[in-house]
Amino acid sequence: MTNEDEAAFDEFVGARSTALLRTAILVCGASTHDAEDLVQGALERVYRHWPRIRHDNPEAYARRALVNSAITRARRRRVIREISFARPPEGAVDSPDLGLRDALLDELRRLPPRMRAVLVLRYWEDLSEAETAAVLGCSVGTVKSQAARGLARVRERMKEGVHA
Amino acid sequence: MNVEEALKDAMTAQVHGVQAPPSMAQQVRRRRRSHMVRFRTGTAGVAVLTAAVAGAVPFVLHDGSPAPAKVGAAPTAAPTGETTAIPGVVVPNLAGMNGKQAFMKLRALGLTAKIETRPGPAESHDMVLETTPEAGAVVPEKSSVTIVIVSNAPTEPPQTVELPQDLGDLGDGRTFGGMHLGYLPEGLSWGHWSGKNGFGDKSYTTTFVVPGVPDGEYSVQVVVFTGAAAANASKKGDEVAKNTYLASLGEGGEVSKDPSATRTISRFLRPDFAVEVMMSPNYGGKLDKADDELKKIAAGITLVK
């Protein structure tokens, strides 16, 4: 690794780490602390191969590493998550204060991790279906069906939110 | 506003205030180093980093091995009678540099840098505290210099996950929801939480963990389904024993061939009383015969009054 490589890595991290951190938070539904750990892990992999990949879209590489480890981590917590989400929040029964945004995010967190990742990449990062498929290492058809099912669930919740 | 826009708006709002810390690149390097160390020597803790760099090395007079000293202290005088000309490098003065600068400087001189950290005040975080050998000392080429840098990494409180305690203190956790687990693999202990009705009315659940797994993770989870909730218990997969079904279930409870799917066994003790036992892929992967263990757990379940 030359000094120039090191400097370019600093620049890359400075420019992209906030965006990666935000993606991590949305995909794994994690705390900022957890998400930082995930981003560091992904960037460590980038750093390891930096001289080779720095001229070849390192951001895509980082995002792929990040999203996949975020999905893995979210999956590991799946069962316990489902339980805590299945329980109504203490004392708040259909609270009308629960804004639409919170309701949507709540629904987003309940989705299976991979489906959630599809929605984040498609509608928050504005990636195309093909780009999303490349990040997740799945087919475009899977992205389409996961996005459609995820949106349907969120839409359902949105209707409830409007009626509440 | 359509649902895509509403979702985007909500996601944007959620992460709006989030900023990556400016030290991210440095943290990544530190992490990389510590991984290299663990990989090579199997020791965690102090980060020791080796850079093998060959370079042009001047010939200087060497006077023996120097002692550790504060950075910036005057170099030891060299009043020796017997000096020999050997290839050597003068250890540079690294005072005032941060860990990375010091490392780069040593590397540029063809020296091997070892970085150690020592707790210190926040204002001098990552600054070089001392080197061994001291600045000005002459060391053989490619030898190693230990840099001690100040570490004031804020100690993050351990991540805790609030878990429900619906069933109170379950002791060893083996008896709840009207059944008793006669068998559990060795090394598991109760996960100190329990939930009620998360899987339908009435259902009860808790987990067992191998000591040391992070909060929020489980090794084995047991769910008891009674009454109407029994319809929610899985009858998927192979019937491996009477009224006992074993399958790999994916995120949506579907049968899955994905290696990260969860091995799940369910046993119906009565049509309206079923117990599901899930083994986390992490834990199952460490067992020789995960399926046999699941079958033994299922077979060991008895109803209690």
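The values are calculated or read from the model by the stated rules, or taken from the named source; none is laboratory data. Treat the numbers as computed from the prediction; the structure is a model and nothing was measured. Cβ sites come from the backbone with ideal geometry, for glycine too, and all protein chains shown count toward neighbours. Surface accessibility is based on the protein's heavy atoms, side chains included, excluding ligands, DNA and RNA. Shrake-Rupley method; radii C 1.70, N 1.55, O 1.52, S 1.80 Å.
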Original post:
If you go through region A:12-29, how many residues are at the interface with chain B (Cβ under 9 Å from one of its Cβ atoms) and open to solvent by 20 Å² or more (accessible area, probe 1.4 Å)?
Top reply: 6
Original post:
So is residue B:123 open to solvent by 60 Å² or more (accessible area, probe 1.4 Å), modelled with pLDDT under 80 and not in a loop (DSSP other than H, G, I, E, B) or not?
Top reply: yes
Original post:
What about residue B:108, is it surrounded by fewer than 20 Cβ atoms within 10 Å (Cβ to Cβ) and at pLDDT below 80?
Top reply: no
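Using the structure shown, decide if residue A:62 is within 11 Å of another protein chain (Cβ to nearest Cβ), assigned to a helix (DSSP H, G or I) and at pLDDT 90 or above. So that I can check it myself, show each step before the final result.
On the way: within 11 Å of another protein chain (Cβ to nearest Cβ): yes; assigned to a helix (DSSP H, G or I): yes; at pLDDT 90 or above: yes.
Yes: the conditions hold for residue A:62.
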Original post:
What pairs can you find where one residue is in region A:1-13 and free of Cβ contacts under 8 Å to residues at least 24 places away in the same chain, the other is of a type outside the set (A, V, I, L, M) and surrounded by 11 or more Cβ atoms within 10 Å (Cβ to Cβ), and their Cβ atoms are less than 9 Å apart, with a gap of 6+ or different chains?
Top reply: A:6/A:50; A:6/B:29; A:6/B:100; A:10/B:26
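Residues are listed down the side, and each one gets a yes or a no for (1) at pLDDT below 90; (2) over 21 Å from residue B:193 (Cβ atoms):
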| residue | (1), (2) |
| --- | --- |
| B:220 | no, no |
| B:224 | no, no |
| B:255 | yes, yes |
| B:269 | no, yes |
| B:282 | yes, no |
| B:300 | no, yes |
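Looking at residue B:189, is it at pLDDT 75 or above and open to solvent by less than 30 Å² (accessible area, probe 1.4 Å)? Break it down stepwise before answering.
Working: at pLDDT 75 or above: yes; open to solvent by less than 30 Å² (accessible area, probe 1.4 Å): no.
It is false that residue B:189 is at pLDDT 75 or above and open to solvent by less than 30 Å² (accessible area, probe 1.4 Å).
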Subject >> Members of region B:266-294 found to be surrounded by 14 or more Cβ atoms within 10 Å (Cβ to Cβ), part of a strand (DSSP E or B) and of a type outside the set (Ser, Thr, Tyr), listed by number >> reply: B:267, B:268, B:269, B:273, B:274, B:275, B:276, B:277, B:278, B:279
